[in-house]
Amino acid sequence: MNAPRATRSAIDKFATEILVTNSDDLLRYARRRVSNPQDAADVYGELIETAWRRRSRMPREPREARMWLFGVAKNVLRRRRRKAASHGAMLEELTQLMLVSQQRQAANQQDDIMDVRQALASIGAADRELLILIHWDGFNQNEAARHLGLNPSTVRSRYSRALDKLRLLVTAPSDPAVRA
Amino acid sequence: MDTHENLINRLRAIDPAAEMDTAAAAQRVVSRVVGAKKQRRLSRGMLAGLVIGGIGLVTAAAVPIAMSLNVNGKPVEFDVVIPITYVDEQQTNHECAIGVYVGSGTDKTGASEQIVEELEDIDWSGLGQRAFDRSVSALAGEESADEKRAIFVANVSMLYDEALPVELLSGDQVIASSIDCTGAGL
(Lines give C-alpha, C1' and ligand atoms only; values in the text may rest on other atoms or scores of the structure.)
Protein backbone atom coordinates (compact mmCIF):
# COMPACT_ATOMS: atom_id res chain seq x y z
CA MET A 1 0.00 0.00 0.00
CA ASN A 2 1.29 3.47 -0.76
CA ALA A 3 2.14 5.79 2.10
CA PRO A 4 -0.54 8.44 2.59
CA ARG A 5 0.27 11.82 1.05
CA ALA A 6 1.18 14.58 3.46
CA THR A 7 -1.61 17.09 3.91
CA ARG A 8 -1.13 20.66 2.87
CA SER A 9 -1.06 21.90 6.47
CA ALA A 10 1.45 19.20 7.45
CA ILE A 11 3.73 20.28 4.59
CA ASP A 12 3.44 23.94 5.61
CA LYS A 13 4.18 23.14 9.25
CA PHE A 14 7.20 21.00 8.40
CA ALA A 15 8.55 23.53 5.88
CA THR A 16 8.16 26.37 8.39
CA GLU A 17 10.03 24.42 11.07
CA ILE A 18 12.85 23.51 8.70
CA LEU A 19 13.17 27.07 7.46
CA VAL A 20 13.24 28.49 10.97
CA THR A 21 15.76 25.89 12.17
CA ASN A 22 18.14 26.56 9.28
CA SER A 23 17.47 30.26 8.82
CA ASP A 24 20.64 31.60 10.42
CA ASP A 25 22.87 29.05 8.69
CA LEU A 26 21.32 30.03 5.36
CA LEU A 27 21.89 33.71 6.03
CA ARG A 28 25.52 32.99 6.89
CA TYR A 29 25.87 30.87 3.75
CA ALA A 30 24.69 33.88 1.72
CA ARG A 31 26.94 36.31 3.59
CA ARG A 32 30.02 34.18 2.91
CA ARG A 33 29.44 34.28 -0.82
CA VAL A 34 28.56 37.88 -1.62
CA SER A 35 30.70 40.92 -1.10
CA ASN A 36 28.44 43.07 1.04
CA PRO A 37 25.78 42.61 3.74
CA GLN A 38 22.95 44.23 1.74
CA ASP A 39 23.38 41.78 -1.11
CA ALA A 40 23.58 38.94 1.39
CA ALA A 41 20.28 40.03 2.91
CA ASP A 42 18.71 40.20 -0.57
CA VAL A 43 19.96 36.74 -1.42
CA TYR A 44 18.67 35.40 1.88
CA GLY A 45 15.22 36.93 1.37
CA GLU A 46 15.04 35.54 -2.14
CA LEU A 47 16.10 32.07 -1.10
CA ILE A 48 13.55 31.92 1.74
CA GLU A 49 10.79 33.00 -0.65
CA THR A 50 11.92 30.50 -3.26
CA ALA A 51 12.13 27.66 -0.73
CA TRP A 52 8.68 28.49 0.58
CA ARG A 53 7.19 28.54 -2.92
CA ARG A 54 8.75 25.15 -3.62
CA ARG A 55 7.97 23.63 -0.23
CA SER A 56 5.93 20.84 -1.75
CA ARG A 57 9.24 19.52 -3.17
CA MET A 58 11.08 19.75 0.12
CA PRO A 59 12.27 16.30 1.30
CA ARG A 60 10.37 15.12 4.38
CA GLU A 61 13.42 14.17 6.41
CA PRO A 62 15.06 17.08 8.29
CA ARG A 63 18.65 16.37 7.25
CA GLU A 64 17.65 15.92 3.60
CA ALA A 65 15.48 19.02 3.79
CA ARG A 66 18.46 20.99 5.08
CA MET A 67 20.61 19.85 2.16
CA TRP A 68 17.76 20.73 -0.20
CA LEU A 69 17.62 24.25 1.27
CA PHE A 70 21.32 24.77 0.64
CA GLY A 71 20.74 23.56 -2.92
CA VAL A 72 18.07 26.25 -3.31
CA ALA A 73 20.52 28.79 -1.89
CA LYS A 74 23.18 27.72 -4.39
CA ASN A 75 20.75 28.13 -7.28
CA VAL A 76 19.63 31.57 -6.10
CA LEU A 77 23.25 32.70 -5.94
CA ARG A 78 24.01 31.22 -9.34
CA ARG A 79 21.03 32.99 -10.88
CA ARG A 80 22.09 36.32 -9.38
CA ARG A 81 25.63 35.90 -10.64
CA ARG A 82 24.31 35.10 -14.11
CA LYS A 83 22.19 38.23 -14.02
CA ALA A 84 25.09 40.32 -12.74
CA ALA A 85 27.37 38.91 -15.43
CA SER A 86 24.99 40.11 -18.08
CA HIS A 87 25.61 43.67 -16.96
CA GLY A 88 29.07 43.39 -18.43
CA ALA A 89 32.61 44.30 -17.66
CA MET A 90 31.82 47.76 -16.32
CA LEU A 91 30.21 46.38 -13.17
CA GLU A 92 32.91 43.76 -12.90
CA GLU A 93 35.49 46.53 -12.80
CA LEU A 94 33.52 48.34 -10.11
CA THR A 95 33.32 45.17 -8.06
CA GLN A 96 37.04 44.58 -8.36
CA LEU A 97 37.81 48.16 -7.30
CA MET A 98 35.60 47.79 -4.25
CA LEU A 99 37.22 44.49 -3.35
CA VAL A 100 40.70 45.97 -3.64
CA SER A 101 39.62 48.83 -1.41
CA GLN A 102 38.18 46.37 1.09
CA GLN A 103 41.42 44.37 1.00
CA ARG A 104 43.55 47.48 1.59
CA GLN A 105 41.39 48.38 4.54
CA ALA A 106 41.71 44.90 5.97
CA ALA A 107 45.46 44.89 5.38
CA ASN A 108 45.80 47.93 7.56
CA GLN A 109 43.97 46.11 10.32
CA GLN A 110 45.84 42.85 10.74
CA ASP A 111 48.60 41.43 8.58
CA ASP A 112 48.15 37.85 9.69
CA ILE A 113 44.46 37.75 8.85
CA MET A 114 45.16 39.49 5.56
CA ASP A 115 47.59 36.74 4.58
CA VAL A 116 44.91 34.09 4.91
CA ARG A 117 42.28 36.25 3.26
CA GLN A 118 44.56 36.97 0.31
CA ALA A 119 45.52 33.33 0.10
CA LEU A 120 41.86 32.24 0.09
CA ALA A 121 41.07 34.78 -2.60
CA SER A 122 44.00 33.55 -4.67
CA ILE A 123 43.24 29.84 -4.86
CA GLY A 124 40.77 28.73 -7.54
CA ALA A 125 37.04 29.35 -7.06
CA ALA A 126 36.21 25.63 -6.80
CA ASP A 127 38.87 25.05 -4.13
CA ARG A 128 37.78 28.15 -2.25
CA GLU A 129 34.14 27.06 -2.26
CA LEU A 130 35.08 23.67 -0.87
CA LEU A 131 37.11 25.15 1.99
CA ILE A 132 34.31 27.59 2.78
CA LEU A 133 31.70 24.82 2.79
CA ILE A 134 33.73 22.70 5.17
CA HIS A 135 35.31 25.25 7.49
CA TRP A 136 32.79 28.08 7.52
CA ASP A 137 29.46 26.41 6.73
CA GLY A 138 30.28 23.28 8.71
CA PHE A 139 29.51 20.71 6.01
CA ASN A 140 31.25 17.36 6.28
CA GLN A 141 33.01 16.11 3.15
CA ASN A 142 30.12 13.90 2.05
CA GLU A 143 27.66 16.75 2.40
CA ALA A 144 30.01 19.04 0.50
CA ALA A 145 30.23 16.43 -2.25
CA ARG A 146 26.43 16.28 -2.52
CA HIS A 147 26.10 20.03 -2.50
CA LEU A 148 28.67 20.42 -5.26
CA GLY A 149 27.45 17.45 -7.26
CA LEU A 150 30.79 15.66 -6.98
CA ASN A 151 31.95 12.21 -5.91
CA PRO A 152 33.08 12.03 -2.27
CA SER A 153 36.46 10.72 -3.41
CA THR A 154 36.91 13.74 -5.70
CA VAL A 155 36.03 16.04 -2.84
CA ARG A 156 38.52 14.33 -0.54
CA SER A 157 41.40 14.78 -2.97
CA ARG A 158 40.32 18.30 -3.92
CA TYR A 159 40.06 19.27 -0.26
CA SER A 160 43.55 18.03 0.45
CA ARG A 161 44.89 19.90 -2.58
CA ALA A 162 43.04 23.11 -1.64
CA LEU A 163 44.42 23.03 1.87
CA ASP A 164 47.95 22.48 0.56
CA LYS A 165 47.58 25.44 -1.79
CA LEU A 166 46.30 27.62 1.02
CA ARG A 167 49.14 26.59 3.29
CA LEU A 168 51.75 27.33 0.62
CA LEU A 169 50.25 30.73 -0.12
CA VAL A 170 50.10 31.67 3.52
CA THR A 171 53.72 30.66 3.85
CA ALA A 172 54.86 32.31 0.61
CA PRO A 173 52.11 34.68 -0.52
CA SER A 174 54.07 36.16 -3.40
CA ASP A 175 54.72 32.88 -5.23
CA PRO A 176 52.56 33.00 -8.41
CA ALA A 177 53.22 29.33 -9.16
CA VAL A 178 50.92 28.33 -6.33
CA ARG A 179 47.93 30.23 -7.62
CA ALA A 180 45.23 28.40 -9.49
CA MET B 1 55.03 26.00 7.92
CA ASP B 2 51.57 26.20 9.48
CA THR B 3 50.28 23.22 11.36
CA HIS B 4 46.96 21.92 10.10
CA GLU B 5 45.13 23.13 13.18
CA ASN B 6 46.70 26.55 13.07
CA LEU B 7 45.82 26.99 9.41
CA ILE B 8 42.21 25.94 9.99
CA ASN B 9 41.94 28.33 12.94
CA ARG B 10 43.28 31.18 10.84
CA LEU B 11 40.86 30.28 8.07
CA ARG B 12 37.94 30.30 10.51
CA ALA B 13 39.07 33.64 11.88
CA ILE B 14 38.36 35.36 8.55
CA ASP B 15 34.81 33.97 8.19
CA PRO B 16 32.77 37.13 7.42
CA ALA B 17 29.73 35.56 9.09
CA ALA B 18 31.47 34.43 12.24
CA GLU B 19 30.56 37.44 14.34
CA MET B 20 27.04 37.90 13.03
CA ASP B 21 24.31 37.97 15.65
CA THR B 22 21.43 37.46 13.28
CA ALA B 23 19.55 34.34 14.34
CA ALA B 24 16.45 36.13 15.60
CA ALA B 25 16.29 38.49 12.63
CA ALA B 26 16.73 35.60 10.18
CA GLN B 27 13.83 33.78 11.82
CA ARG B 28 11.65 36.87 11.62
CA VAL B 29 12.21 36.97 7.85
CA VAL B 30 10.99 33.37 7.61
CA SER B 31 7.90 34.22 9.65
CA ARG B 32 7.11 37.18 7.42
CA VAL B 33 7.57 35.20 4.20
CA VAL B 34 5.53 32.26 5.47
CA GLY B 35 2.79 34.57 6.73
CA ALA B 36 2.60 36.51 3.49
CA LYS B 37 2.75 33.60 1.10
CA LYS B 38 0.12 31.32 2.55
CA GLN B 39 -2.19 31.47 -0.37
CA ARG B 40 -5.06 29.26 -1.22
CA ARG B 41 -3.71 26.33 -3.14
CA LEU B 42 -5.67 25.77 -6.28
CA SER B 43 -6.77 22.24 -6.67
CA ARG B 44 -5.65 20.63 -9.88
CA GLY B 45 -9.13 19.23 -10.20
CA MET B 46 -10.48 22.75 -10.52
CA LEU B 47 -8.65 23.24 -13.76
CA ALA B 48 -11.12 22.32 -16.38
CA GLY B 49 -12.41 23.97 -19.48
CA LEU B 50 -10.27 25.56 -22.11
CA VAL B 51 -6.89 24.12 -22.83
CA ILE B 52 -4.07 26.08 -24.34
CA GLY B 53 -1.27 23.82 -25.33
CA GLY B 54 1.68 23.39 -27.59
CA ILE B 55 4.51 21.06 -28.43
CA GLY B 56 7.84 22.77 -27.97
CA LEU B 57 6.31 26.15 -27.36
CA VAL B 58 3.24 27.73 -25.88
CA THR B 59 0.58 28.69 -28.32
CA ALA B 60 -2.62 30.62 -27.94
CA ALA B 61 -4.66 28.12 -29.92
CA ALA B 62 -7.55 27.13 -27.70
CA VAL B 63 -8.73 23.54 -27.81
CA PRO B 64 -11.56 22.68 -25.44
CA ILE B 65 -10.87 19.61 -23.30
CA ALA B 66 -12.75 18.71 -20.16
CA MET B 67 -11.06 18.26 -16.79
CA SER B 68 -7.60 17.24 -17.91
CA LEU B 69 -4.63 18.10 -20.04
CA ASN B 70 -3.44 15.68 -22.69
CA VAL B 71 0.02 15.61 -24.22
CA ASN B 72 0.58 13.32 -27.17
CA GLY B 73 -2.83 11.86 -26.46
CA LYS B 74 -1.99 10.95 -22.86
CA PRO B 75 -3.38 12.64 -19.75
CA VAL B 76 -0.72 14.45 -17.68
CA GLU B 77 -0.66 16.18 -14.31
CA PHE B 78 0.13 19.85 -13.87
CA ASP B 79 3.58 20.76 -12.55
CA VAL B 80 2.79 24.38 -11.78
CA VAL B 81 -0.52 26.02 -10.93
CA ILE B 82 -0.50 29.77 -11.52
CA PRO B 83 -3.25 31.60 -9.63
CA ILE B 84 -5.11 34.23 -11.65
CA THR B 85 -6.86 36.75 -9.41
CA TYR B 86 -8.61 40.01 -10.20
CA VAL B 87 -11.22 42.41 -8.89
CA ASP B 88 -14.07 43.48 -11.16
CA GLU B 89 -15.71 46.91 -11.34
CA GLN B 90 -18.16 45.94 -8.58
CA GLN B 91 -15.16 45.16 -6.34
CA THR B 92 -15.90 41.43 -6.46
CA ASN B 93 -12.88 39.17 -6.22
CA HIS B 94 -12.45 36.45 -8.83
CA GLU B 95 -10.02 33.56 -8.96
CA CYS B 96 -9.11 31.05 -11.62
CA ALA B 97 -5.86 29.45 -12.68
CA ILE B 98 -3.46 28.33 -15.37
CA GLY B 99 -2.18 24.78 -14.96
CA VAL B 100 1.15 24.13 -16.66
CA TYR B 101 2.69 20.83 -17.65
CA VAL B 102 6.38 20.55 -18.61
CA GLY B 103 7.99 17.46 -20.06
CA SER B 104 9.88 15.88 -22.89
CA GLY B 105 6.73 14.55 -24.46
CA THR B 106 5.16 12.69 -21.59
CA ASP B 107 8.55 12.01 -19.93
CA LYS B 108 10.31 14.11 -17.32
CA THR B 109 13.97 15.09 -17.70
CA GLY B 110 16.38 17.34 -15.85
CA ALA B 111 15.47 20.08 -18.31
CA SER B 112 11.78 19.68 -17.42
CA GLU B 113 12.58 20.12 -13.75
CA GLN B 114 14.65 23.21 -14.48
CA ILE B 115 11.85 24.79 -16.48
CA VAL B 116 9.36 24.04 -13.70
CA GLU B 117 11.67 25.81 -11.25
CA GLU B 118 11.98 28.79 -13.58
CA LEU B 119 8.19 28.97 -13.87
CA GLU B 120 7.84 28.81 -10.09
CA ASP B 121 10.29 31.68 -9.76
CA ILE B 122 8.29 34.04 -11.93
CA ASP B 123 6.17 36.58 -10.06
CA TRP B 124 2.75 36.02 -11.59
CA SER B 125 0.91 38.46 -9.35
CA GLY B 126 -0.93 41.17 -11.25
CA LEU B 127 -1.36 39.07 -14.38
CA GLY B 128 -5.06 38.44 -13.70
CA GLN B 129 -5.86 42.09 -13.06
CA ARG B 130 -3.98 43.23 -16.17
CA ALA B 131 -5.84 40.66 -18.25
CA PHE B 132 -9.15 41.79 -16.80
CA ASP B 133 -8.41 45.50 -17.40
CA ARG B 134 -7.35 44.81 -20.99
CA SER B 135 -10.48 42.75 -21.54
CA VAL B 136 -12.75 45.49 -20.18
CA SER B 137 -11.30 47.99 -22.59
CA ALA B 138 -11.68 45.54 -25.47
CA LEU B 139 -15.40 44.95 -24.91
CA ALA B 140 -17.92 46.63 -27.19
CA GLY B 141 -20.74 45.88 -24.74
CA GLU B 142 -22.72 43.36 -26.73
CA GLU B 143 -20.63 40.23 -26.26
CA SER B 144 -22.08 36.95 -25.12
CA ALA B 145 -20.67 35.12 -22.09
CA ASP B 146 -18.71 32.82 -24.41
CA GLU B 147 -17.23 35.78 -26.27
CA LYS B 148 -16.27 37.47 -22.98
CA ARG B 149 -14.63 34.28 -21.83
CA ALA B 150 -12.70 34.03 -25.10
CA ILE B 151 -11.49 37.64 -24.78
CA PHE B 152 -10.40 37.15 -21.20
CA VAL B 153 -8.64 33.85 -21.88
CA ALA B 154 -6.87 35.40 -24.87
CA ASN B 155 -5.59 38.24 -22.69
CA VAL B 156 -4.48 35.89 -19.93
CA SER B 157 -2.70 33.75 -22.53
CA MET B 158 -1.02 36.72 -24.11
CA LEU B 159 0.30 38.01 -20.77
CA TYR B 160 1.37 34.50 -19.77
CA ASP B 161 3.29 34.08 -23.02
CA GLU B 162 4.93 37.48 -22.58
CA ALA B 163 6.06 36.56 -19.07
CA LEU B 164 7.73 33.33 -20.15
CA PRO B 165 11.48 33.75 -20.73
CA VAL B 166 12.29 33.17 -24.38
CA GLU B 167 15.00 30.65 -23.54
CA LEU B 168 12.38 28.35 -22.04
CA LEU B 169 10.70 28.06 -25.39
CA SER B 170 13.76 27.21 -27.41
CA GLY B 171 14.36 23.64 -26.21
CA ASP B 172 12.61 20.41 -27.02
CA GLN B 173 10.39 20.50 -23.96
CA VAL B 174 6.62 20.54 -24.06
CA ILE B 175 5.18 23.43 -22.07
CA ALA B 176 1.45 22.86 -22.19
CA SER B 177 -1.14 24.73 -20.22
CA SER B 178 -4.78 24.73 -19.32
CA ILE B 179 -6.88 27.68 -18.18
CA ASP B 180 -10.11 27.44 -16.24
CA CYS B 181 -10.95 31.16 -16.34
CA THR B 182 -14.44 32.11 -17.49
CA GLY B 183 -14.07 35.88 -17.58
CA ALA B 184 -16.51 36.25 -14.69
CA GLY B 185 -17.15 39.88 -13.82
CA LEU B 186 -16.77 41.19 -17.38
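The values are calculated or read from the model by the stated rules, or taken from the named source; none is laboratory data. The model shown is predicted, which means the values in this text are computed figures rather than measured ones. Cβ sites come from the backbone with ideal geometry, for glycine too, and all protein chains shown count toward neighbours.
Checking segment A:65-72 against the condition returns a match, with at least one residue being touching a residue at least 12 places away in the same chain (Cβ under 8 Å) and either within 9 Å of chain B (Cβ to nearest Cβ) or β-branched (Val, Ile, Thr) (or both).
Taking segment A:12-57 on its own, how many of its residues are of a type outside the set (Gly, Ala, Ser) and not in a helix (DSSP H, G or I)? The qualifying residues number 5.
Considering only residues in segment B:1-27 that are more than 7 Å from every other protein chain (Cβ to nearest Cβ), outside any helix (DSSP H, G or I) and not β-branched (Val, Ile, Thr), the one that is nearest to A:ASP115 (Cα to Cα) turns out to be B:ALA18. Of all residues in segment A:119-134, those being touching a helix residue (DSSP H, G or I) at 6+ places or on another chain (Cβ under 7 Å) and at the interface with another protein chain (Cβ under 10 Å from one of its Cβ atoms) number 4. Where helices (runs of 4 or more DSSP H) fall entirely within segment B:94-186, those with at least 2 residues that are of a type in the set (Asp, Glu) are at B:110-121, B:145-163. When restricted to residues that are of a type outside the set (S, T, N, Q) and surrounded by fewer than 20 Cβ atoms within 10 Å (Cβ to Cβ), segment B:81-118 contains 15. Just one of the numbered conditions (1) within 21 Å of A:ARG55 (Cβ to Cβ); (2) touching a Leu at 6+ places or on another chain (Cβ under 8 Å); (3) modelled with pLDDT of 85 or more is not true of B:LEU11: (1). Of all the numbered requirements in (1) closer than 22 Å to A:HIS135 by Cβ; (2) at pLDDT below 85; (3) surrounded by fewer than 12 Cβ atoms within 10 Å (Cβ to Cβ), A:ALA85 misses one, and that requirement is (1).
Could we say that A:LEU47 is within 20 Å of the chain's Cα centre (by Cα) and modelled with pLDDT under 65 here? No.
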